[in-house]
Structures are given as structure tokens and as C-alpha cells.
């Protein structure tokens, strides 16, 4: 079936007459790249999917898809309609959750996202909340900053815990508490006992870093740019755990959130270098899209993190959770 011959002759949009099936056909096409794959995903015939797409384009009055060498891609108009589809699917999910609550079928579901650095305290907060509300089911998704941001864009999350709110969506936030960033080294490092170090003292050290685009990496790059120095990057890793093990093994030093290394500093496997201007303190936030309707269970947990979330931030020897 060909979808490029759809008609765009309607003088004005009639999207108020669209159907959920039409929107789901467009979403499947966007995700799968072809009518054939979309029909398989939806469990429909190709002619049925093609008909749904044709009707949707006629209602929009604009081309929603275009054929390219990489498959069928959405036009700018198609992406706008896809955003509408995401919002409607989220609203349907919220409505189903409300009905389940009213019918007594469930205590409710909360879908919480967290950047990987926050995994060192978020589970403790979840455990405390679950003791108070044992019937509420909590789903936790861990990812890097870009993955969590994308999940918020698609309305997959009720809210997320992260250090820097996305700049491209309107959000409501709850402040959890401070997130100090430090430079760590292995026990016995030659600079371990030196006080008042400057970044200049570290220019010959090898840095083990997070991947480009992560919040920690961006903060580290800003630190060195302000000093007009260039750090020596040895390895890039997407896991804080791997970074810690590399530093413990003596492969280099690392700029990292103090909350990720609290236990290793406490037991002496890692040391905090005394560098002037550090720690750099950012904040932890619980963040939700302003246009995301929170059902009572999600709203309760969102408020819980705002009022009690700081209680679950790790204490770091020599810094404390309230470092500033």
C-alpha cells in the first residue's frame, strides 16, 4: 500500500473528528518506519492501517508523512499530531488509573524516573513511602539525563528525580536537597594529603568521566572551561559504578556527585581531594510536566519527596548531605 498519494484538499483542519485508531496508526508508523511494520505491531491488515492514515491526513489538511530512503518519516505537521497522540494516550492511562482507584481494584500506580546518579538514594525514599502507602505500586525507571528527559517528553513518567530541569518543557518542581560534586581519587593517591589544591595541580591527572551530555560531565566541563584549563580524559563510562571501580584501581581521578561515593569514602577505598572551589553544589529536584495530570497516588509521592526527600540523601564523610 502507498501512503504518499493521500489527499490534502480540505481547506481547514477537522481534527475534532479524529479517532484513537487513527492516532495509534500514526504513532505505529512513526515508531516502526513502514506501513507493513505498523500493521504487524497493531495486529491489523495493511489496508486497514493505510485507511486510518489516509483519513487522519484528510482531517489534518496537511501531509503528515513522507517517503524517504530510510522509510516513512513524519513531517512537521505529523510530529505535531504525534505529540497530540502522546498526550491523549497519557490521558487515557490516567483515566483508567482513576477508574481503578474508584472501583477499588488497585491502590494506584506511580511511574517514577530518576537519573542514574540519583539511584543511590531514590530507592530509600521509595521504601519509606511504600511503608506508608503499601497498596500503591511504584515503577522506577533509571536512565541518563537524555533518556529521562525523553521519557518526560513522551508522558511516560509521572515525574522524575534529576538535578537540572529540562529547558524545553514547562515543569513544576519540588526541591529535595543539595547535590555536592567533588573530585575523588584512590586511597594512597599522591595528592591525598595535600590541602588547598587548585585545578592547575590536576592538569596532569587522568580523569575518568561520564559520557558527553550527562549532567555530571556537563558540570565538569563547565568547571574547567571557567578556569581555561583542559582536563586529560582517560576513559568515558556511562556507569558511576564502573567509574568508581576504575578510580579505586588507580586508573585516574573523577569528578562525580558525592552521593554516589558515600560508602566508598566512608570505608576508605576512595578519598576526596581538597580542591579549591569544590564541592560544587547543585540541587536535586522532583520534576513533573506542568501539563501532566497526576493522580492522587502520584501526587502524594511527588509531595512526599518535596517535604521529606532530603532525609534520604546520603551523608558523605567530610561533607554531609547538606554541603554548601
Can residue 81 be described as within 14 Å of residue 19 (Cα to Cα), touching a helix residue (DSSP H, G or I) at 6+ places or on another chain (Cβ under 7 Å) and touching a residue at least 60 places away in the same chain (Cβ under 8 Å)? yes
Select from the stretch 304-324 the residues that are out of contact with any strand residue (DSSP E or B) (no Cβ under 7 Å at 6 or more places or on another chain) and either closer than 17 Å to residue 130 by Cβ or surrounded by fewer than 16 Cβ atoms within 10 Å (Cβ to Cβ) (or both) and list them in ascending order. 304, 307, 308, 311, 312, 315, 317, 320
Could you go through the stretch 278-286 and let me know if any residue there is touching a residue at least 12 places away in the same chain (Cβ under 8 Å) and outside any strand (DSSP E or B). yes
Qualifying residues in the stretch 281-303 (those that are crowded, with 19+ Cβ neighbours inside 10 Å and closer than 28 Å to residue 224 by Cβ) - the one nearest to the chain's Cα centre (by Cα): 287
Give the number of residues within the stretch 171-186 that are over 19 Å from residue 287 (Cα atoms) and either crowded, with 23+ Cβ neighbours inside 10 Å or out of contact with any helix residue (DSSP H, G or I) (no Cβ under 8 Å at 6 or more places or on another chain) (or both). 4
What tally of residues in the stretch 189-222 results from selecting those that are without any contact (Cβ under 8 Å) to a residue 12 or more places away in the chain and part of a loop (DSSP other than H, G, I, E, B)? 2
Complete set of residues in the stretch 60-100 that are part of a helix (DSSP H, G or I), crowded, with 18+ Cβ neighbours inside 10 Å and more than 25 Å from the chain's Cα centre (by Cα): 60
Pick out the one residue from 291, 303 that is in the same structural domain as residue 128 (by TED's automatic domain parsing), assigned to a loop (DSSP other than H, G, I, E, B) and closer than 28 Å to residue 165 by Cα. 291
Out of 104, 97, I need the residue that is closer than 30 Å to residue 136 by Cα, at pLDDT below 80 and touching a strand residue (DSSP E or B) at 6+ places or on another chain (Cβ under 8 Å). Which one? 97
If I ask for residues that are touching a strand residue (DSSP E or B) at 6+ places or on another chain (Cβ under 6 Å) and surrounded by fewer than 20 Cβ atoms within 10 Å (Cβ to Cβ), which ones from the stretch 159-168 would you list? 165
Residues of the stretch 250-279 being surrounded by fewer than 16 Cβ atoms within 10 Å (Cβ to Cβ) and within 19 Å of residue 116 (Cβ to Cβ), in sequence order, are 263
Restricting attention to the stretch 1-34, which residues are modelled with pLDDT of 50 or more, over 32 Å from the mean Cα position of the chain (by Cα) and assigned to a loop (DSSP other than H, G, I, E, B)? 13, 14
Residue identified as in the same structural domain as residue 225 (by TED's automatic domain parsing) and at pLDDT below 95 among 277, 322: 277
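Among the residues of the stretch 223-275, how many are part of a loop (DSSP other than H, G, I, E, B), in contact (Cβ under 8 Å) with a residue 12 or more places away in the chain and farther than 12 Å from residue 185 by Cα?
The total comes to 5.
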Taking the conditions exactly as written (assigned by TED's automatic domain parsing to the domain that holds residue 290, surrounded by fewer than 17 Cβ atoms within 10 Å (Cβ to Cβ) and free of Cβ contacts under 8 Å to residues at least 60 places away in the same chain), does residue 146 satisfy them or not? no
Check whether at least one residue in the stretch 172-179 is at pLDDT below 90 and under 23 Å from residue 112 (Cα atoms), and report yes or no. no
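The values are calculated or read from the model by the stated rules, or taken from the named source; none is laboratory data. Note that the coordinates shown come from a computational prediction; the quantities given were computed from them, not determined experimentally. Here Cβ is always computed from backbone atoms with ideal geometry, including for glycine, and neighbour counts include all displayed protein chains.
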